[in-house]
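Some notes on the structure that comes next.
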Amino acid sequence: MALHYPLTLAFERFSFGRKIHIWDAEAQPLFYVRQRAFALKEVVDIFAETGDAPQLYQIKADRILDYSATYTIAEANGTVVGHLSRQGMRSRWRALYETVQTYRKYGWNTAQMRPIWDARYLILDADGQEVGQILEEMPLMKLIGTIFSELVLIRPLLNPAYHIHWHGQPVLATKKQPAMFSRAFTLTQEGDFAQADEPLLLNSLVMALLIEKNLGI
């Protein structure tokens, strides 16, 4: 199924486990994402349109309660589509601590600081070969912003953004929509890719957003 961009990915505000609704450019429901609550190993189920529709995909972590885990993306019948691996697991408070320590040692050196703030994900095919990356835009601003995220008046200014590269080329980009209370992202297409690659790209992005949300970033 060819998707009509831009897509909207919106987190439910109050729910057990994270839930995301995904709509296309015509506001037609496409997918419903449900992260299972209280699971030691993360499990995410992806359905067509709503939670009552047939399940399309499932994403599973390979270890218990570890955001540096590798996540396997599979079709409902168990066929593996690919994997997602997060590089550099840090909570916002750990990142802040490391920023202070690095500043004391090196001063304001962006080359030394950026690996602390950065969120980077590797997209792997079914054989474990790297085929893409999810890269964060302006990680320092996101770090500073999320530390003060409880201040309601500045929430509309905290809009993390990510770029998805496929075989070295930018193909998708997503950014949080400015809003006081909601957490919705707009996903736009920046380059061409095969329709057969879309499930791995979209599911990888969904898992990355869930990880970032769970880390409090």
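The values are calculated or read from the model by the stated rules, or taken from the named source; none is laboratory data. Remember, predicted model here, so these are calculated numbers, not experimental data. Don't worry about glycine lacking a Cβ; one is built from the backbone with ideal geometry, like all the others, and counts go over all protein chains shown.
Some notes on this structure:
- Residue that is surrounded by the fewest Cβ atoms within 10 Å (Cβ to Cβ) [pool: residues in the stretch 1-33 that are assigned to a loop (DSSP other than H, G, I, E, B) and in contact with a Lys or Arg (Cβ under 8 Å, 6 or more places away or on another chain)]: 13
- Residue match in the stretch 115-127 (condition: charged (D, E, K, R), outside any strand (DSSP E or B), exposed (fewer than 14 other Cβ atoms within 10 Å of the Cβ) and at pLDDT 70 or above): yes
- When we screen 53, 25, 2 for residues that are small (Gly, Ala, Ser) and under 15 Å from residue 201 (Cα atoms), the only hit is 2.
- Hits in the stretch 190-210 - residues which are closer than 23 Å to residue 44 by Cβ and outside any helix (DSSP H, G or I): 193
- Number of residues in the stretch 1-57 that are farther than 26 Å from residue 159 by Cα, without any contact (Cβ under 8 Å) to a residue 24 or more places away in the chain and of a type in the set (Ser, Thr, Tyr) equals 1.
- Some residue of the stretch 152-175 being assigned to a loop (DSSP other than H, G, I, E, B), touching a strand residue (DSSP E or B) at 6+ places or on another chain (Cβ under 9 Å), modelled with pLDDT under 95 and under 20 Å from residue 3 (Cβ atoms): no
- For the stretch 183-196, the set of residues classified as within 22 Å of residue 81 (Cβ to Cβ) and touching a residue at least 60 places away in the same chain (Cβ under 8 Å) consists of 185, 187, 189, 195, listed by residue number.
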